[in-house]
1. Of the candidates B:F91, B:F75, B:F45, which one comes out as most mobile in a Gaussian network treatment of chain B with C-alpha springs shorter than 10 Å?
2. If packing is taken as the mean number of other Cβ atoms within 10 Å per residue, what is the order of A:51-57, B:35-41, highest first?
3. Choose one answer from B:D62, B:D86, B:D71: the residue with the largest mean-square fluctuation in a GNM of chain B with alpha-carbon springs under 10 Å.
4. Just counting partner chain Cβ atoms within 10 Å, what average do the residues of peptide A:46-52 show around their Cβ?
5. So which residue, out of A:G41, A:G16, A:G59, gets the largest mean-square fluctuation from a GNM of chain A using Cα contacts under 10 Å as springs?
6. Given A:S74, A:G59, A:F46, which one lies farthest toward the positive end of the charge dipole of the range A:1-80, if we put +1 on the Cβ of every Lys and Arg and -1 on the Cβ of every Asp and Glu?
7. Rounded if a/c is under 1.5, else prolate if a/b beats b/c, else oblate: with a ≥ b ≥ c from the C-alpha gyration tensor eigenvalues square-rooted, which is the range A:39-110?
8. Of all DSSP beta bridges located in the protein assembly as shown, what percent are antiparallel, nearest 5?
Amino acid sequence: GESVGLHLPTLSVQEGDNSIINCAYSNSASDYFIWYKQESGKGPQFIIDIRSNMDKRQGQRVTVLLNKTVKHLSLQIAATQPGDSAVYFCAETAFNNMRFGAGTRLTVKP
Amino acid sequence: EPEVTQTPSHQVTQMGQEVILRCVPISNHLYFYWYRQILGQKVEFLVSFYNNEISEKSEIFDDQFSVERPDGSNFTLKIRSTKLEDSAMYFCASSEARLAGGGWVFGPGTRLTVL
């Protein structure tokens with residue numbers, strides 16, 4: 001069936017480096033793709049989204065890239081900080097629900 | 001900044017008991033959702049609710065589950081006869097529009113432990 005999934009379950013980076021978190025999706029009918037950050041014991045926190053008719057969107061220190069040809073979504077975090085350590089989920093909205101991928105745990109080493 | 005709130009933060013119950021998880025969505029939001037997250041796993045969709053009725057539900061949302069908006073502010077999830085495998089974090093979310101990617105706001109979750 002349709003699904004949203006992650007390439008890598010864990011990612012470890014040095015403070016100050018750039019991080020790239022990847023996601024593969026299979027539902028071509030999705031309208032939005034979203035990245036969420038989840039810290040331990042908390043609910044998902046919105047980071048950035050991109051509409052399906054775009055291929056790039058930038059926020060503060062974050063960039064989301066959407067490649068519809070290969071159904072790939074990525075989140076780039078510039079100058080990664082210790083506070084960025086968390087689990088990152090990609091998600092897609094289609095019809096009337098949002099489906100999440102499996103998550104990638106980002107660890108930032110000082 | 002408006003928040004979605006959930007109570008209780010942690011609920012412990014015996015298998016077979018009924019539980020009600022409560023959520024207060026953001027006041028001007030029209031769409032409401034419940035998700036669950038089993039420890040260490042991804043966040044799973046349970047149900048969406050709009051205009052006082054269920055608009056979509058997943059295969060997880062069986063006859064043991066029900067949702068209700070009993071008044072103008074609360075949105076509840078009831079599990080009639082809890083099972084061990086219902087132990088999870090349950091997240092409520094709300095949105096102003098159906099397809100607003102960044103407009104979904106999640107609550108902090110209720111941790112349900114079924115013994």
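We did not get these values from a lab; they are worked out from the coordinates using the rules stated. The structure presented is a predicted model; accordingly, all values stated were derived computationally and were not measured. Neighbour counts are summed over all protein chains in view; Cβ atoms, including those assigned to glycine, are modelled from backbone coordinates with ideal geometry.
1. B:F45
2. Packing proxy ranking, top to bottom: B:35-41, A:51-57.
3. B:D71
4. Per-residue shielding by partner chains comes out at 3.
5. Ranking A:G41, A:G16, A:G59 by mean-square fluctuation puts A:G41 first.
6. About the Cα centre, the residue reaching furthest to the positive side is A:G59.
7. Taking the square roots of the gyration eigenvalues as a ≥ b ≥ c, the range A:39-110 is oblate.
8. 90
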